[in-house]
Amino acid sequence: MSKLPSLLLLLLCACETPMTQPEPFQILDITPSVQVANDAKSVTVRLDVEPRFHVDYGDQEVRILEEPVLEIGSETLVPMATYLGHGRFQGQVAPGLPPGRYPIRVKLGDGREATLADAYEIKPAVGFWVEQIGDQKTGEPFTVVLHAGDPYGEFFEGTVQVSVYIGNTNANLFSFVSGPFTAGVRAQELTVDTPGNNYLIVVQDVLGNTATSNAFRVFPKN
């Protein structure tokens, strides 16, 4: 058999890329680290590793390779699909986790993973209450102040469903989702166009917990 020229052998050897094991990584922190059970929470996990990206110029798309998945406890998986730069990945933790303290684990698509012990806490679900509502007039906006109850209300920054009822007929005039709470408080503006003597505001969270306002009257404007 003829031998390959030595130059060709050198080129073939130069093209071989040695297989290397990916470097291990660490979880630096998770923020915020506290969530109440009846609130969804957007969290940011900071790693000491930067992701690799696949750039598709044809479709003008950039995709993270080895996209991280956050595991809270042993069952809750959170895709960390948003990259914020500097090793920070963001995802949304759904409500419903039982209260307690949890370790977190981050898994990468290439098989690497890291754990941070006692890093995330779920507080018990909060209740709600509605500040006193006075008499109103049809067509005039008024503000309803909603509170997430103590002792963990300050951690609630989610939304609730707000329903407007005429109490004597139990008719639901309309419902809508509130804006987000800030430190457990939400001032929500609404308008009622139908006069009535026994209006009620009912608040409900994603777990079905409810709160009802005092009864108030709505008079015709003129």
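The values are calculated or read from the model by the stated rules, or taken from the named source; none is laboratory data. Note that the coordinates shown come from a computational prediction; the quantities given were computed from them, not determined experimentally. Please note: Cβ atoms are built from the backbone with ideal geometry, for glycine as well, and neighbour counts cover all protein chains shown. For the accessible areas, the whole protein counts, side chains as well, though only heavy atoms, and no ligand, DNA or RNA atoms are used. Shrake-Rupley method; radii C 1.70, N 1.55, O 1.52, S 1.80 Å.
Scanning region 87-121 for residues that are modelled with pLDDT of 95 or more, within 14 Å of Pro24 (Cβ to Cβ) and of a type in the set (A, V, I, L, M, F, W, C) turns up Val106, Ala114, Leu116.
When Lys221, Lys137 are checked against the criterion of being open to solvent by 40 Å² or more (accessible area, probe 1.4 Å), of a type in the set (Lys, Arg) and in contact with an Asp or Glu (Cβ under 8 Å, 6 or more places away or on another chain), a single residue qualifies: Lys221.
If we scan region 170-184, do we find a residue that is open to solvent by less than 60 Å² (accessible area, probe 1.4 Å), over 24 Å from Ala40 (Cα atoms) and modelled with pLDDT under 95? There is at least one residue in region 170-184 that is open to solvent by less than 60 Å² (accessible area, probe 1.4 Å), over 24 Å from Ala40 (Cα atoms) and modelled with pLDDT under 95.
Of the residues in region 80-101, how many are farther than 30 Å from Val203 by Cα and either in a strand (DSSP E or B) or among the polar types (S, T, N, Q) (or both)? Qualifying residue count for the region: 6. Pairing each residue of region 69-94 that is of a type in the set (Ser, Thr, Tyr) with any residue that is not in a strand (DSSP E or B), provided the two are 6+ apart or on different chains, yields C-beta distances under 8 Å for Thr76/Ala94; Thr76/Leu97; Tyr83/Pro51.
Of the residues making up region 50-76, not one is open to solvent by 70 Å² or more (accessible area, probe 1.4 Å) and at pLDDT 90 or above. Looking only at region 140-151, count how many residues are farther than 17 Å from Ser163 by Cα and open to solvent by less than 40 Å² (accessible area, probe 1.4 Å). Residues that pass the stated criteria total 1. Under the condition of being buried (at least 16 other Cβ atoms within 10 Å of the Cβ), assigned to a loop (DSSP other than H, G, I, E, B) and of a type in the set (Gly, Ala, Ser), the residues counted in region 109-126 number 1.
Starting from residues that are among the β-branched types (Val, Ile, Thr) and more than 26 Å from Phe156 (Cβ to Cβ), keep the ones in region 193-218 and report whichever is surrounded by the fewest Cβ atoms within 10 Å (Cβ to Cβ). My answer is Thr194.
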